């Protein structure tokens, strides 16, 4: 039996991000100004394309479903459009990736070791990083 979204949200998670690690709250840099820069229309569109590429490439290796829809391996154009339009839960076996249309990161919940390594490899190819938040 597959876990529900609420159950998966309580599981260990990793961040798929444009930054290699969490930016500390006391960082001497200008995180909020940089984040605002990346959230501008063309830049966030380019980041979202990397997220979409990661999901589509991952779908070459694993079956996926969207939200709690029973359809397995939906059409790539559908995945692309929905990831740009709304919050989306991508299910892969007993794991889930949360994608938000206007954010520079995605969150992967409960990946097994093999899936996490595959995500890290694909993410690196897209210029993204995968890291575990501090406890």
(request) Note down, for the chain, the three equivalent ellipsoid semi-axes (square root of 5 times each alpha carbon gyration tensor eigenvalue), biggest first, whole angstrom. (result) 24, 18, 13
(request) Obtain the nm distance between the two label points defined at residue 94 and residue 22 by a simple spin-label model: each point lies 7 Å from its Cα along the Cα-to-C-beta direction. (result) 2.5 nm
(request) Using Cα centres only, tell me the gap between the stretch 101-122 and the stretch 1-36 in whole Å. (result) 11 Å
(message) If packing is taken as the average number of other Cβ atoms within 10 Å across a peptide's residues, how do 97-106, 19-28 rank, most packed first?
(response) 97-106, 19-28
(request) Treat each spin label as a single point 7 Å out from the Cα along the C-beta direction, and report the residue 71 to residue 7 distance in nm. (result) 2.5 nm
(request) Report the extension gain between residue 63 and residue 113 in nm, rounded to one decimal, defined as 0.36 nm multiplied by the number of residues separating them, less their alpha carbon distance. (result) 16.3 nm
(message) What does the C-alpha gyration tensor say about the overall shape of the stretch 50-127? Classify as rounded when a/c is under 1.5, otherwise prolate if a/b is larger than b/c, or oblate.
(response) rounded
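Each value in this text was obtained by applying a stated rule to the coordinates, not by laboratory testing. Since the model is a prediction, treat every value here as computed from it, not as a measurement. Please note: Cβ atoms are built from the backbone with ideal geometry, for glycine as well, and neighbour counts cover all protein chains shown.
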